[in-house]
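The values are calculated or read from the model by the stated rules, or taken from the named source; none is laboratory data. What you see is a predicted model, and the numbers here were worked out from it, not measured in a lab. Every residue, glycine among them, receives a Cβ derived from its backbone with ideal geometry; neighbour counts consider all protein chains shown.
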Amino acid sequence: MKSTILDSDFYIKLNKSAFGNNGFGDELYLVTGETSILTVDANTLELKNTFTPTRKVKEMATNNNEIFATSYERKVKLYQRYDFNNEFDLAPYGNNYGLEFSNDVTNRLIQIGKTEIHAYDLNDLGVLLNHSFQFNPYQTNWVNNNLIMSPSGKYIANNSKEVFDSNLNPIAKLESPYS
Amino acid sequence: MSSKKSYQNQNLASINLNEFQVTKEGNRYHCSRNALNIATFQNYTLYISDKPIPGNIDPKSSVWLDISANIIVDQNINKFDTLIYELSTNLYFQLKLNISKSIIKSNMIHIENENLHFLNNFPVDEVLYFPERQTLYFMEFLEKNYHPIIYQVKK
């Protein structure tokens with residue numbers, strides 16, 4: 001096996017990261033200092049773009065379809081790639097934190113908070129078409145900011161070990177064998 | 001007395017641990033040896049090391065630098081698994097059988113871990129994985145900032 005190491009020439013205050021291809025090749029998106037989103041070439045680590053939204057950014061997700069979703073506390077905003085002035089505000093629903101796009105439904109944004117799990121269906125411009133939600137029966141943690149989607153899109157889990165299916169139904173709260 | 005010693009020597013000569021085998025499955029190592037039926041059996045010890053195991057190691061010692069030792073007191077156990085989170089590209093396995101005052105050594109098994117790569121002394125504080133590219137992105141935390149680094153491994 002051969003290994004190669006490639007160094008970047010920038011430093012950031014990392015809050016969140018995402019990978020994707022939004023029509024401009026493989027890219028790494030980095031939120032720095034809760035203020036800016038850096039777009040980095042995933043092949044070369046070359047800095048391609050720096051965007052500073054009008055609102056702070058705590059969470060970020062992208063759907064490989066040029067839509068970026070960001071959230072800060074209860075507020076979610078949508079941006080279109082390289083047309084970042086085109087913002088769409090989504091109404092705040094409860095106390096929501098973690099953000100991720102669905103892997104099996106196009107343009108569906110999932111958001112999990114302590115009390116609810118939400119699905120936002122968007123069109124290709126990021127306009128909200130449909131919104132649905134379920135109550136989160138586990139209510140483990142106010143800060144569910146690490147949201148993971150299974151590759152098939154069938155399951156969603158957060159850093160509170162709460163697992164839901166793609167219809168937002170609660171499946172399980174996983175328990176550590178060591179606790 | 002002399003006849004007893006002769007009996008023990010004859011018995012020891014017939015003990016063969018050279019069928020000791022180790023196979024690897026992920027981080028789990030399956031160890032097996034030929035069955036034993038020895039009246040004077042005390043225990044046997046599985047040594048695992050990142051360096052060739054020295055011949056003069058004390059089989060009763062479970063503490064040895066860079067070597068882990070599992071002492072097995074039941075001679076009917078001839079297959080066992082051990083889970084190792086490797087910190088070395090080379091691992092050596094050897095069984096040492098403790099019978100009365102004698103020690104019988106098995107063959108030494110050397111397994112090379114091709115899946116382990118050492119990062120050349122750069123610190124890693126954050127790891128990102130891009131599944132579509134099968135590439136790891138590392139970041140080192142330097143003076144309150146993160147510095148992105150790509151680390152690619154190709155076959």
Evaluate the stretch A:162-179: report whether one residue or more is within 16 Å of the chain's Cα centre (by Cα), surrounded by 19 or more Cβ atoms within 10 Å (Cβ to Cβ) and under 25 Å from A:ARG55 (Cβ atoms). no
Wholly within the stretch A:63-133, strands (runs of 3 or more DSSP E) carrying at least 2 residues that are more than 13 Å from A:LEU147 (Cβ to Cβ) and of a type outside the set (Phe, Trp, Tyr): A:67-72, A:75-80, A:83-90, A:116-122
Identify the single condition in (1) within 14 Å of chain B (Cβ to nearest Cβ); (2) exposed (fewer than 14 other Cβ atoms within 10 Å of the Cβ) that A:LEU28 does not satisfy, given that it satisfies every other one. (2)
Please specify each residue of the stretch A:48-61 satisfying the condition of being surrounded by fewer than 23 Cβ atoms within 10 Å (Cβ to Cβ), touching a residue at least 24 places away in the same chain (Cβ under 8 Å) and among the β-branched types (Val, Ile, Thr). A:THR54
Residues in the stretch A:6-13: is at least one assigned to a strand (DSSP E or B), within 12 Å of the chain's Cα centre (by Cα) and in contact (Cβ under 8 Å) with a residue 12 or more places away in the chain? no
Which of the residues spanning the stretch A:8-25 are buried (at least 16 other Cβ atoms within 10 Å of the Cβ) and either closer than 22 Å to B:ASP125 by Cβ or at the interface with chain B (Cβ under 7 Å from one of its Cβ atoms) (or both)? A:SER8, A:PHE10, A:TYR11, A:ILE12, A:LEU14, A:ASN15, A:LYS16, A:SER17, A:ALA18, A:PHE19
Identity of the residue in the stretch A:137-151, touching a Gly at 6+ places or on another chain (Cβ under 7 Å), in a loop (DSSP other than H, G, I, E, B) and away from chain B (no Cβ under 14 Å), that ends up surrounded by the fewest Cβ atoms within 10 Å (Cβ to Cβ): A:ASN145
Which number in (1) over 20 Å from A:ASN141 (Cα atoms); (2) touching an Asp or Glu at 6+ places or on another chain (Cβ under 8 Å) marks the one condition that A:ASP104 misses? (2)
Kindly evaluate A:LEU45 against the criterion of being within 13 Å of chain B (Cβ to nearest Cβ), crowded, with 21+ Cβ neighbours inside 10 Å and more than 11 Å from the chain's Cα centre (by Cα). no
For the list (1) away from every other protein chain (no Cβ under 14 Å); (2) part of a strand (DSSP E or B); (3) modelled with pLDDT of 75 or more, I need the number of the one condition that B:LEU136 fails. (1)
